[in-house]
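**Q** For reference, the structure I am asking about is given below.
The values are calculated or read from the model by the stated rules, or taken from the named source; none is laboratory data. Only a predicted model underlies this, so the values are computations on that prediction, with no experimental measurement involved. Using ideal geometry, Cβ is built from the backbone for each residue, glycine included, and neighbour counts are taken over all protein chains shown. Just the protein is used for accessible areas: all its heavy atoms, side chains included, with ligands, DNA and RNA removed. Shrake-Rupley method; radii C 1.70, N 1.55, O 1.52, S 1.80 Å.
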Amino acid sequence: MDLLIEELKKIYMDEGESYEIVIGKESYALKGMKKIVDDWRLIYKVCSLYYEDDMRQQEVSDYLGISRATVSRMLQKGKESGIVRVEVINPVQ
């Protein structure tokens, strides 16, 4: 478990805020971590799995170990930020 916490610190370290991670009955305080939904590498990964690999949101959630709601928020951020662009082509023109 300590290895998991150390890896989370390496990936999500950011100045300022503090967060608490609860795993089972254990609680871990992590200072300086940013919210997972603001991690641009993870947002790209979520968008890639969903749009390029045709995984459903629940499959992405299970694969990455994050909630389906977080996947949904990350997909929305991907669209808003320009990571994802949707283009609809009229076949009649």
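**Q** Can you tell me which condition Glu17 does not meet? The list is (1) modelled with pLDDT of 60 or more; (2) part of a strand (DSSP E or B); (3) not hydroxyl-bearing (Ser, Thr, Tyr), and all the others hold.
**A** Every listed condition holds for Glu17 apart from (1).
**Q** Name the pairs whose Cβ atoms lie under 9 Å apart, with the first residue in region 49-64 and hydrophobic (A, V, I, L, M, F, W, C), the second open to solvent by less than 50 Å² (accessible area, probe 1.4 Å) and not in a helix (DSSP H, G or I), and 6 or more positions between them or separate chains?
**A** These pairs meet every condition: Leu49/Met55; Val60/Ile66.
**Q** While we're looking at this one, here's another question. So for region 33-44 (the condition being out of contact with any Cys (no Cβ under 7 Å at 6 or more places or on another chain), part of a helix (DSSP H, G or I), at pLDDT 70 or above and farther than 23 Å from Arg85 by Cβ), does at least one residue qualify?
**A** yes
**Q** Is it the case that Ser61 is surrounded by 17 or more Cβ atoms within 10 Å (Cβ to Cβ) and assigned to a helix (DSSP H, G or I)?
**A** When the stated conditions are applied, Ser61 passes them.
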